[in-house]
Amino acid sequence: MKVVDKLALVLEEIDKACKKSGRSREDIKIIAVTKYVSIERAKEALEAGITHFGENYDKGLLEKWEALGDKPVWHFIGTLQSRKVKKIIDKVDYVHSLDRLSLAKEIDKRAGKPVNCFVQVKTSAEDSKHGIQPDEVIPFIKELARFPNVHVVGLMTMAPFTDDESVLRNSFRTVKNLQRQIQDLALDYAPCTELSMGMSNDFSIAVEEGATFVRIGSALVGE
Ligand SMILES: *Cc1c(COP(=O)(O)O)cnc(C)c1O
């Protein structure tokens, strides 16, 4: 299926979720996750009008960046090793995987200007899903005051891999609640207005629960 046709289906789902939850469509941005697809397919997504692109490995990011340039808004969504920061940091507009102070320190040191970061929250017991435990998120955000180039635009999570809607909703609600608590702190460096949550299998529910960025791979650009 062409990307334009897949995009139409995704938009339809998002529209439905917005209606159901009383949200407005403009508040949700779609990130095309191109990690599994060819450069050709990524170009097709760009031509379909998608402006946000996400990659989860430094190599993939650099490859797609070479091909598509700085036309798209680039999101680094994968686990980020500190030693890889300097390779990618001037190419990305958002980092979705801030999950430790050593990484914040490295981003702060390597970036010439403030970087939009999402703090990744662990809402799943799966080891493959990284992030900070929910009860440690607020203390972590307070510590980030030391790093002027780390700008906390929001929180990110990967929900457990399941079809159980209540489990998914719980995971997204945990993050939404944390967002409210952080906003109450009114920290200049952590406005935390955004929520990066929802993938191919759960983006409708994520939108209903307050996502502002959904990260969609297979359902949008899958071949
Ligand atoms: C791969 C990936 C996605 C997209 O996954 P799909 O299930 O293909 O939509 C979203 N977020 C992260 C962090 C990913 O690694």
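Cross-link pairs exceeding 18 Å between alpha carbons, from the set 6/59; 6/64; 64/91; 16/176: 6/59; 6/64; 16/176. Approximating the spin labels as points 7 Å out from Cα along Cα→Cβ, the residue 57-to-residue 38 distance works out to 1.8 nm.
Calculated translational diffusion coefficient of the range 1-146 (10 °C, 1.306 mPa s; Stokes-Einstein with Kirkwood radius over alpha-carbon pairs) equals 95 µm²/s.
Here the Karplus relation 6.51 cos²θ - 1.76 cosθ + 1.60, evaluated at θ = phi - 60°, turns the backbone of the range 7-14 into coupling constants of 4, 4, 5, 4, 4, 4, 4, 5 Hz, with x for every Gly and Pro.
By the rule of a C-alpha distance below 13 Å, with chain neighbours fewer than 8 residues away ignored, the aspartates and glutamates paired with residue 29 are 15, 194. If the segment from residue 90 to residue 133 were pulled out straight at 0.36 nm per residue, it would be longer than the present Cα-Cα gap by 12.6 nm.
Farthest towards the positive end of the charge dipole of the range 151-223, among the residues 151, 207, 217, is the Cα of 151, using unit charges on the Cβ of Lys, Arg, Asp and Glu.
Under a 5 Å amide H cut-off, with hydrogens placed 1.01 Å from N, residue 73 pairs with 52, 53 among residues at least 5 apart or on other chains.
For the range 67-73, 3J(HN,Hα) computed residue by residue from phi via the Karplus equation (6.51, -1.76, 1.60; θ = phi - 60°) reads 7, 9, x, 9, 5, x, 8 Hz, glycine and proline entered as x. The distance linking the range 167-194 with the range 37-58 is 28 Å (Cα centroid to Cα centroid, whole angstrom).
The calculated 222 nm mean residue ellipticity attributable to helices in the chain amounts to -12000 deg cm²/dmol, summing -39500 (n - 2.57) over DSSP H runs of n ≥ 4 and dividing by all residues. Protection proxy ranking, highest mean first, for peptides 195-204, 108-117, 213-222: 195-204, 213-222, 108-117, where packing is the per-residue count of other beta-carbon atoms within 10 Å, averaged. Of the peptides 158-168, 18-28, the order by per-residue mean of other Cβ atoms within 10 Å, starting with the highest, comes out as 158-168, 18-28. Remark: for residue pairs 84/105; 105/129; 71/109, the C-alpha separation exceeds 18 Å in 105/129; 71/109.
No value in this document is a laboratory result; all are computed from the given coordinates. Quick caveat: nothing in here was measured; it's all calculated off a predicted structure. Heads up, the Cβs are rebuilt from the backbone with ideal geometry, glycines too, and the neighbour counts pull from every protein chain shown.
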